[in-house]
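To keep things clear, I will list the structure first and then write my remarks on it.
Any read-out appearing in this document is the output of simple, stated calculations on the displayed coordinates, not a laboratory observation. Note that the structure is predicted; figures quoted are calculated from it, not measured. Every residue, glycine as well, gets a Cβ built from its backbone with ideal geometry; the counts of neighbours run over all protein chains shown.
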Amino acid sequence: FAGDRPVYQQIMAAIRGAILKGELPPGGKVPSVRDLAAQAQVNPNTMQRALTELEREGLLLSERTQGRYVTSDAKAIGELRKDIARQAADSFRREMAALGFNEEEMMDFFRERLLYIGSGEGGKKVG
């Protein structure tokens, strides 16, 4: 883990991503704190903090003797997906504005990139 964000927040982001990708499916059991900490090469206390925060967010549920599970609440997972997409869109807009793009130019650029990515052309302009 690197960067300017605390490690536990980076772990939370990774687990959110695993939930959205289906690597940790709705209702699925989450590995133990000890196993996750060993896998991520972090202190178990750091992993515990990340998991506790995800419980507070409602993405994970704790069953005292059974361990932790991913929520089965499709609405909560859908909201997570939208929230992450919103953050990405906001970041894109800020960065494009910093480069001097106006809103219309941003939309044109984004449409062009969607066509480029969807075409599988690997860098060739489509259109």
Spelling out what I want: for every residue of the range 12-19, take phi, set θ = phi - 60°, compute 6.51 cos²θ - 1.76 cosθ + 1.60 (Karplus), and round to whole Hz; glycine and proline get x. 4, 4, 5, 5, 4, x, 5, 5
How large is log10 of I(q)/I(0) for the range 32-83 at q = 0.14, 0.17 Å⁻¹ when the intensity is taken from the Debye formula with one equal scatterer per alpha-carbon? -0.40, -0.58
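Once you list every other residue whose beta carbon is under 12 Å from the beta carbon of residue 84, what net charge do they have if Lys and Arg are +1 and Asp and Glu are -1?
Working: positive: 16, 21, 81, 82, 86; negative: 79, 83, 90.
In short, +2.
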I want to check the label-to-label distance for residue 4 and residue 82. Put each point 7 Å from Cα in the C-beta direction and report it in nm to one decimal. 3.0
Of 78, 58, 100, which is the most mobile in a GNM of the chain whose springs link Cα atoms less than 10 angstrom apart? 100
FRET efficiency estimate (nearest 0.05) - Cβ-Cβ, residue 39 to residue 110, R0 30 angstrom: 0.25
Report which label in (i) 30; (ii) 48; (iii) 22 holds the value of percent of Cα pairs over 23 Å apart derived from the coordinates of this structure. (ii)
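I'd like the FRET efficiency for residue 102 and residue 13, computed as 1/(1 + (r/R0)^6) with the beta carbon distance as r and R0 of 41 Å, rounded to 0.05. Numbers along the way, then the final one.
Working: r = 31 Å, r/R0 = 0.76.
Rounded to the nearest 0.05, the efficiency is 0.85.
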So, with points 7 Å from each Cα along the Cβ direction, the residue 21-residue 65 label distance in nm works out to 3.5
